[in-house]
1. Report those strands (runs of 3 or more DSSP E) wholly inside region 1-117 carrying at least 1 residues which are among the small types (Gly, Ala, Ser), more than 16 Å from the ligand (Cβ to nearest atom) and modelled with pLDDT of 95 or more.
2. Determine which single condition residue 70 fails, assuming it passes every other condition in (1) under 16 Å from the mean Cα position of the chain (by Cα); (2) surrounded by fewer than 19 Cβ atoms within 10 Å (Cβ to Cβ).
3. Report yes if some residue within region 241-250 is out of contact with any strand residue (DSSP E or B) (no Cβ under 7 Å at 6 or more places or on another chain), in contact (Cβ under 8 Å) with a residue 12 or more places away in the chain and within 16 Å of the ligand (Cβ to nearest atom); otherwise report no.
4. Restricting attention to region 207-223, which residues are within 24 Å of the chain's Cα centre (by Cα) and in contact (Cβ under 8 Å) with a residue 40 or more places away in the chain?
5. For region 175-215, give me each residue that is within 23 Å of residue 118 (Cβ to Cβ) and either in a helix (DSSP H, G or I) or within 16 Å of the ligand (Cβ to nearest atom) (or both).
6. Quickly run through region 201-224 and pick out the residues that are crowded, with 17+ Cβ neighbours inside 10 Å and either of a type in the set (Lys, Arg) or modelled with pLDDT under 95 (or both).
Amino acid sequence: MKRPFVHLAGTGRGIPATVFKNSEFASIGIDTTDEWIVERTGIKQRYVARTETATDLAAKAARCAMEKAGVQPGELDLIVLGTASPDRLLPSAAVDLQAALGAGRAAALDVGAACSGFIYGSVVAEGMMATAGYETALVVGVEKLSAITDWTDRSTCVLFGDGAGAAILKRSRQHQKGILSTYVRSDGTLGDLLCRPSGGAKRPFNADVLADRSQFIRMNGREVFKHAVRSMSDACGRALDAAKLTGADIDLMIPHQANVRIIEATAKHANIPMDKVYVNVDRYGNTSAASVPIALDEAIETGRIRDGSTVLLVAFGAGFTWGAMAVRF
Ligand SMILES: CC(C)(COP(=O)(O)OP(=O)(O)OC[C@H]1O[C@@H](n2cnc3c(N)ncnc32)[C@H](O)[C@@H]1OP(=O)(O)O)[C@@H](O)C(=O)NCCC(=O)NCCS
């Protein structure tokens with residue numbers, strides 16, 4: 001099918017008010033140090049939503065993106081929302097966001113692609129714009145991972161943060177700009193390496209689940225690390241090839257912000273020097289589906305992305321899912 005020429009017309013972010021620094025883990029009884037966390041991950045702090053809901057964060061990001069794109073809620077044809085930590089399990093987080101925004105005309109759905117949620121969401125939105133003739137879509141990545149993190153497990157609780165990022169996708173007549181290529185993949189045979197074992201329909205919440213804390217995220221960090229580098233590197237190559245670009249054509253790479261060592265290894269494989277890679281994992285930690293759109297919004301705001309910039313977005317997450325997208329602004 002022919003690409004519908006969809007451009008990113010505005011971005012926004014919704015960040016919780018509360019900062020949680022590495023030094024604060026001692027106060028909740030976690031045996032770790034700032035030095036260990038920074039050396040292994042590059043993370044110095046993360047934001048934690050104490051009072052904000054996931055919907056609040058998503059709505060803030062969405063309103064900011066709509067304002068920059070000059071789009072009213074009633075003009076949205078579609079809302080695609082990526083999350084692994086919705087406020088409630090039914091209905092979708094996307095319809096809760098729709099209600100908060102007053103976007104009454106939109107079709108709204110969630111995509112379950114964990115940290116790759118924004119890239120998967122953009123692919124879904126672009127496809128629906130092509131087939132359903134939609135003009136304007138809102139793609140959001142939002143997480144309140146603090147609610148599904150085991151705050152007694154030092155191997156995971158130091159990694160995650162809360163936040164939301166959003167983008168308005170609009171059909172464009174300008175063929176040189178917008179989404180140039182996309183690539184997404186998944187491998188469900190590796191699902192147990194990063195998952196929430198309980199709380200779903202197979203093993204619903206009960207006293208046993210709460211006792212073994214299996215409603216929280218569990219991860220085999222070493223295995224995830226290896227697969228993340230391999231898959232994100234591959235996705236970069238595929239998205240570049242599909243857009244007939246090389247690493248040298250990329251003005252800025254926006255990788256999923258999980259770990260600075262994963263980012264460095266991925267950039268090296270893609271032949272993109274670190275001065276062309278956006279990094280904010282030090283301030284946010286891993287915000288899963290929100291990480292790419294938060295970074296994208298900051299990169300535009302700070303002038304790292306300008307009119308004409310060619311940008312490569314790439315992500316990896318639980319599933320495993322991974323993907324990349326080349327975009328010209
Ligand atoms: C999680 C991660 C930082 C751990 O680093 P690592 O070098 O693999 O460390 P290991 O898990 O092998 O643990 C090494 C030691 O550090 C300890 N450790 C784990 N977390 C710690 C913490 N927060 N503070 C101090 N020590 C810690 C472990 O207990 C282990 O101790 P031991 O050797 O006495 O058993 C790393 O594997 C990683 O970043 N993985 C990818 C995670 C990720 O990004 N996931 C999301 C992808 S979307």
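The values are calculated or read from the model by the stated rules, or taken from the named source; none is laboratory data. If you're wondering where the values come from, they're calculated on a predicted model, not measured in any experiment. Counting neighbours? That spans all protein chains shown, and the Cβs are built from the backbone with ideal geometry, glycine included.
1. Details: elements: 6-14, 18-21, 45-48, 78-82, 107-111.
Qualifying strands (runs of 3 or more DSSP E): 6-14, 107-111.
2. Of everything listed in (1) under 16 Å from the mean Cα position of the chain (by Cα); (2) surrounded by fewer than 19 Cβ atoms within 10 Å (Cβ to Cβ), residue 70 misses just condition (1).
3. No: zero hits.
4. 215, 216, 217, 218, 219, 221
5. 184, 185, 186, 187, 188, 190, 191, 193, 194, 195, 196
6. If the condition is that a residue be crowded, with 17+ Cβ neighbours inside 10 Å and either of a type in the set (Lys, Arg) or modelled with pLDDT under 95 (or both), then 218 is the only one that fits.
Yes/no matrix, rows are residues, columns are (1) under 17 Å from the mean Cα position of the chain (by Cα); (2) of a type in the set (Gly, Ala, Ser); (3) crowded, with 19+ Cβ neighbours inside 10 Å:
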site: 17; (1), (2), (3): no, yes, no
site: 21; (1), (2), (3): no, no, no
site: 24; (1), (2), (3): no, no, no
site: 50; (1), (2), (3): no, no, no
site: 84; (1), (2), (3): yes, yes, yes
site: 88; (1), (2), (3): no, no, no
site: 91; (1), (2), (3): no, no, no
site: 100; (1), (2), (3): no, yes, no
